[in-house]
1. Of the conditions (1) away from ligand 1 (no atom under 13 Å from the Cβ); (2) closer than 16 Å to residue 114 by Cβ; (3) in contact with a helix residue (DSSP H, G or I) (Cβ under 6 Å, 6 or more places away or on another chain); (4) in contact (Cβ under 8 Å) with a residue 40 or more places away in the chain, residue 154 fails just one. Which one is it?
2. Looking only at segment 95-111, which residues are within 14 Å of ligand 1 (Cβ to nearest atom) and either closer than 30 Å to residue 50 by Cα or touching a strand residue (DSSP E or B) at 6+ places or on another chain (Cβ under 7 Å) (or both)?
3. How about segment 12-131: which helices (runs of 4 or more DSSP H) wholly inside it have at least 2 residues that are free of Cβ contacts under 8 Å to residues at least 60 places away in the same chain?
4. Quick one: in segment 132-179, of everything that is part of a loop (DSSP other than H, G, I, E, B) and over 23 Å from residue 218 (Cα atoms), which residue is farthest from ligand 2 (Cβ to nearest atom)?
5. Determine whether segment 374-389 contains at least one residue that is more than 25 Å from residue 95 (Cα to Cα) and either surrounded by fewer than 20 Cβ atoms within 10 Å (Cβ to Cβ) or modelled with pLDDT of 85 or more (or both).
6. Is it the case that some residue within segment 94-115 is crowded, with 20+ Cβ neighbours inside 10 Å, at pLDDT 95 or above and within 19 Å of residue 199 (Cα to Cα)?
7. Which of (1) in contact with a helix residue (DSSP H, G or I) (Cβ under 7 Å, 6 or more places away or on another chain); (2) farther than 13 Å from residue 180 by Cβ; (3) at pLDDT 95 or above is the odd one out, the single condition residue 350 does not satisfy?
8. Take the residues of segment 2-13 that are within 14 Å of ligand 2 (Cβ to nearest atom) and more than 14 Å from the chain's Cα centre (by Cα): which is nearest to residue 111 (Cα to Cα)?
Ligand SMILES: Nc1nc2c(ncn2[C@@H]2O[C@H](COP(=O)(O)OP(=O)(O)O)[C@@H](O)[C@H]2O)c(=O)[nH]1
Ligand SMILES: [Mg+2]
């Protein structure tokens, strides 16, 4: 059935994971008791994120972990969503914003309990496609425990897709350790994760500001979850082309280490739209950073709503000169369409694999190097048992990734390419 497990780690991960589940409930028309209220809504693929129990309730297939009990306790106070308490684990020690605590000491001790739940999910699922993880890169619990889990999944079953949704916090760091934590967890994500969708609190803050929304974590999490609802729509509903995590990875990742996506989405509440007449707006969909030029290795557009004719492939090529043409490969863009959102006439979502990400990473790399050269705060990690070698390895890995991200244009060959390849639905 192509099942997916949702994992939220640390305060941020739990907040985002919970909001994602709430929006899933809404999109699938489940009530506060997790029962289907709209039987007409397509339920063919509802089991992707839920297990159905004997009383026809759809319980989300999730796992929540934290080193403080506050966020986990909050999960049980929710009135509009039911989370299985057996899938939530916490300690009462805190991580002190230290990656080493999440990775080696307190966080590692949590692993036994959660492996038990994960093994159960693996056994129950007929055809598990992968894992979706949420965590902040700056937090100690989030980054450390996520690294442990990433390693666990790789050893357990390398065929399952691990999709991380890290929340970065570029530039408004409350704590210097966030720079280190981010680089450490990036090190794990570069090596062993299949797909990473990058979110950033500063970008979310900006999005809320220009859309005149309040600026707080609850609202950021709502915006973030809406974008995820869009990305996952093709997994959850039948559509013109049915997607899955494996297909996404296969189609959009030409080089295995370059698997960092930038998401965006746009709601179009007007009838009679087509891809061509939203093209102008589409430019905004794929501008990763306003001032810095980005080249796209690949991208995917997801359409939800009444746009079920095959869009003209030429009109879908966005700023053609900015797309890196991989010689003899035709994997650089895909279109998915699926069932309409219950609130909106149409939504267009976008996932781009662009080298704009390297400019973003440079910020962390520079600060990391500055701090590490002076051995600033290194002792806080060493006293928990981390080796200085790990700092050096993580730094090298980030440097390598930045250089692998281009610029591509020097080596690329431009060809007239605008074939839209039709896939068979499965
Ligand atoms: N978007 C978002 N960011 C959060 C949330 N909670 C905390 N953060 C950010 O995450 C970072 C700290 O991570 P946190 O999750 O509290 O640490 P952890 O519990 O040790 O993993 C800080 O940069 C916060 O600004 C949340 O609910 N939503
Ligand atoms: Mg915490």
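The values are calculated or read from the model by the stated rules, or taken from the named source; none is laboratory data. All values derive from a computational prediction rather than experimental measurement. Heads up, the Cβs are rebuilt from the backbone with ideal geometry, glycines too, and the neighbour counts pull from every protein chain shown.
1. Failed condition: (4).
2. Across segment 95-111, the qualifying residues are 102, 103, 106, 107, 110.
3. 70-76, 106-124
4. 159
5. no
6. No - not one qualifying residue is present in segment 94-115.
7. (3)
8. Filtering segment 2-13 for residues within 14 Å of ligand 2 (Cβ to nearest atom) gives 8-13.
Of the ones still in play, those that are also more than 14 Å from the chain's Cα centre (by Cα) are 10-11.
On the way: 10: 14, 11: 17 Å.
Checked segment 2-13; the qualifying residue nearest to residue 111 (Cα to Cα) is 10.
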